[in-house]
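Asks: Below you will find the structure I want to go over with you.
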Amino acid sequence: MSSYCDIAPGHEWHGPYHDTEYGFPIEGDAGLFERLILEINQAGLSWLTILKKREAFRAAYREFDPERVARFGPRDVKRLLGDAGIIRNRLKVEAAIANARTVLALRKTHGSFAGWLDAHHFVDATAQGRKGAMEQRTKAEWVALFKKTFRFTGGEIVGEFLLSAGYLPGAHRTSCPVSPRIIERKPAWMRAGIPS
């Protein structure tokens, strides 16, 4: 079975994303919010479609600024549903707006979207019946948490979001030339011990 590391290098669209973004830690709420919105919009479509429409998404969703998107109202929904440059799906559009509002709420409780992710990265394993005091959250645990917190976040969407943002290992094969560059950046999945 081929992996993204097999098909992406050298590709006009996939290559740059694979080499410089996929699996690398993302800083800032706008970057994390962008990745979440793009992953949600990819559901049922190819990632190539999303990469080709990325600039149109950036313009339509105001540079993925959660504060601006959270203020979107019915007029903005109508504008987005009429924008041929993006994915015109009402559920995905409404999820983007609702999720922007969620990011703003997370800022109040955790300082930022990244702060919320970091605060939930570890779970009390003993409470889950596993050995060890604190363990990194499993994909299934992340999916359950995202479903309680965000809209339109199924298993594939959450899994790809976490892989692509450096919260789960496995975005690249260990033999991929990009892997050492990601490891240098110390993504969340490399963290060990109890969070500070």
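Derivation of every value follows stated rules applied to the coordinates shown; laboratory data play no part. Here the structure is a predicted model, which is why all the values come from computation and not from measurement. Neighbour counts are summed over all protein chains in view; Cβ atoms, including those assigned to glycine, are modelled from backbone coordinates with ideal geometry.
Asks: In 10 Å bins starting at 0, how do the alpha-carbon pair distances of the stretch 12-98 split up by percent?
Replies: Whole-percent P(r) values from 0 Å outward: 17, 54, 26, 4.
Asks: To make sure I understand the rule: partners must be lysines, Cα under 23 Å from the Cα of residue 92, and not fewer than 8 residues away in the same chain. Which ones qualify?
Replies: 52, 53, 78, 139, 147, 148
Asks: Something else now. Taking H placed 1.01 Å from N in the peptide plane, check which residues at least 5 places from residue 134 or on another chain put their amide H under 5 Å from its amide H.
Replies: Residues meeting the criterion, in which the H sits 1.01 Å from N, are 125.
Asks: While we're here: Could you list 78, 148 so that the one with the fewest beta carbons within 10 Å of its beta carbon is first and the one with the most is last?
Replies: Ascending number of Cβ neighbours within 10 Å: 148, 78.
Asks: When the Karplus curve 6.51 cos²θ - 1.76 cosθ + 1.60 is applied with θ = phi - 60°, which whole-Hz ³J(HN,Hα) does each residue of the stretch 71-86 get, with x for Gly and Pro?
Replies: Values per residue, Gly and Pro as x: 8, 4, x, x, 5, 5, 4, 4, 4, 5, 5, x, 8, 5, x, 10 Hz.
Asks: Still on this structure, please answer the following. Quick check: net charge around residue 25, other residues with Cβ under 13 Å of its Cβ, Lys/Arg +1 and Asp/Glu -1?
Replies: Summing Lys and Arg as +1 and Asp and Glu as -1 gives +1.
Asks: How high is the relative contact order of the chain? Use alpha-carbon pairs under 8 Å, at least six apart in sequence, and give a whole percent.
Replies: Worked out over the chain, it gives 26 percent.
Asks: Here's another thing I want to ask about it. Using the Karplus curve 6.51 cos²θ - 1.76 cosθ + 1.60 with θ = phi - 60°, what ³J(HN,Hα) values do you get for each residue of the stretch 144-152, in whole Hz, with x for Gly and Pro?
Replies: Ordered by residue, 3J(HN,Hα) equals 4, 5, 5, 5, 6, 9, 10, 9, 6 Hz.
Asks: What's the exposure ranking of 3, 164, 179, going from fewest to most Cβ atoms within 10 Å?
Replies: 3, 179, 164
Asks: While we're here: When N is the residue count of the stretch 76-186, what does its C-alpha Rg come to as a fraction of 2.2 N^0.38 Å?
Replies: 1.28
Asks: So what's Rg/Rh here for the chain, counting alpha carbon atoms and using the Kirkwood radius for Rh?
Replies: When Rh is taken as the Kirkwood radius, the ratio is 0.97.
Asks: I'm checking a number: the convex hull volume of the Cα atoms of the stretch 50-96, normalised per residue, in Å³. What is it?
Replies: Cα convex hull per residue, to the nearest whole number: 65 Å³.
Asks: If every alpha-carbon in the stretch 137-196 counts as one equal scatterer, what log10 I(q)/I(0) does Debye give at q = 0.14, 0.18, 0.20, 0.22 1/Å?
Replies: -0.44, -0.69, -0.80, -0.91
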